[in-house]
Amino acid sequence: MIRKLLTVLILTCFMFVGFGIKPSQAATSQFIIINKATNQLAYYENGKLYKVFKVATGRSPSLTPEGKFKIVNKIVNRPYYKGNIRGGDPRNPLGNRWLGLNARGTWGTTYAIHGNNNPSSIGKYVSSGCVRMYDNEVEWLFARVKLSTPVVITTSSKSFDSIAKANGYKITSSSGDSNAVIPSGTILKKGSRGTTVKKLQQKLTSLGYSTKGVDGIFGNNTEQAVRKFQKAKHLQVDGIVGPATIKALGGL
């Protein structure tokens with residue numbers, strides 16, 4: 001037991017020192033929210049929603065822990081010990097960046113936000129508990145966030161701003177249309193909620209396809225407006241807003 005504890009301590013020190021990251025680097029104006037209901041990750045900076053990314057989470061609801069955590073280590077090209085695959089190997093399912101979380105009594109060695117070598121899995125419920133991102137997007141996040149950055153993981157129908165406020169974070173400005181970046185591969189359909197749906201409703205209404213309100217809820221009226229737009233643009237008329245429909249709308 002003592003030998004195992006020493007090994008963990010040495011590994012933790014290596015995570016901090018070996019990659020030039022000091023434990024004293026504290027996040028003062030950053031936080032992350034992960035909403036398992038939409039499989040999206042929101043990055044906030046200085047009270048503003050800065051970027052939104054599509055992620056993959058646990059294949060069952062209990063696998064990805066919910067609550068308030070912190071990023072406690074940052075690793076470039078972490079080895080996949082279970083499969084004996086070295087870091088940086090294209091076969092490595094952990095991708096090229098690892099942001100470890102202190103979830104369920106662990107210290108960044110079990111749960112993390114990390115890359116992945118299977119891009120088609122992003123957006124789905126497929127992991128054993130970690131939060132997967134596209135490699136290029138986790139690289140951006142890794143370079144930006146500091147150690148001790150707070151991370152909230154939840155399952156919610158509320159907007160990211162509402163979740164942030166409910167967890168005690170001060171939002172200095174509404175997300176609006178300009179602050180959030182719509183993640184690549186976004187799909188909106190009946191039942192979707194949030195600021196992205198509101199953007200869709202605003203765009204459709206401005207183009208003459210009334211959604212009978214801009215409330216951020218993808219209901220029957222929004223679906224009918226989408227179908228009318230798709231028919232007019234000679235797209236597949238399914239009421240689902242995927243990449244082709246978003247492109248025809250000129251983006252969101």
For region 98-142, which residues satisfy the criterion of being among the charged types (D, E, K, R) and surrounded by fewer than 24 Cβ atoms within 10 Å (Cβ to Cβ)? R104, K124, D135, E137, E139
Within the set of pairs 6+ apart or on separate chains, which have a first residue in region 122-140 that is over 12 Å from W98 (Cα atoms), a second that is acidic (D, E) and at pLDDT below 95, and C-beta atoms under 9 Å apart? I122/E137
Any residue in region 78-91 that's in the same structural domain as T110 (by TED's automatic domain parsing) and on the phi < 0 side of the Ramachandran plot: show its pairings with residues that are not small (G, A, S) and not in a loop (DSSP other than H, G, I, E, B) at Cβ separation under 6 Å, as long as the two are six or more apart or on different chains. R78/W98; R91/I85
I'd like to check something: does region 87-102 contain any residue that is in contact with a Lys or Arg (Cβ under 9 Å, 6 or more places away or on another chain), outside any strand (DSSP E or B), hydrophobic (A, V, I, L, M, F, W, C) and more than 25 Å from G242 (Cα to Cα)? yes
Across region 38-52, which residue is surrounded by the fewest Cβ atoms within 10 Å (Cβ to Cβ) among those that are at pLDDT below 90 and outside any loop (DSSP other than H, G, I, E, B)? Y50
I'm told G239 meets every condition in (1) on the phi > 0 side of the Ramachandran plot; (2) modelled with pLDDT under 85 except one. Can you identify the failing condition by its number? (2)
Pairs, first touching a residue at least 40 places away in the same chain (Cβ under 8 Å) and hydroxyl-bearing (S, T, Y) in region 142-155, second part of a helix (DSSP H, G or I) and crowded, with 17+ Cβ neighbours inside 10 Å, C-beta under 8 Å, six or more apart: T154/I163
Look at region 210-248 and say how many of its residues are hydrophobic (A, V, I, L, M, F, W, C), under 19 Å from S157 (Cα atoms) and not in a loop (DSSP other than H, G, I, E, B). 2
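The values are calculated or read from the model by the stated rules, or taken from the named source; none is laboratory data. Small disclaimer: the values here were computed from a predicted structure and weren't measured. Using ideal geometry, Cβ is built from the backbone for each residue, glycine included, and neighbour counts are taken over all protein chains shown.
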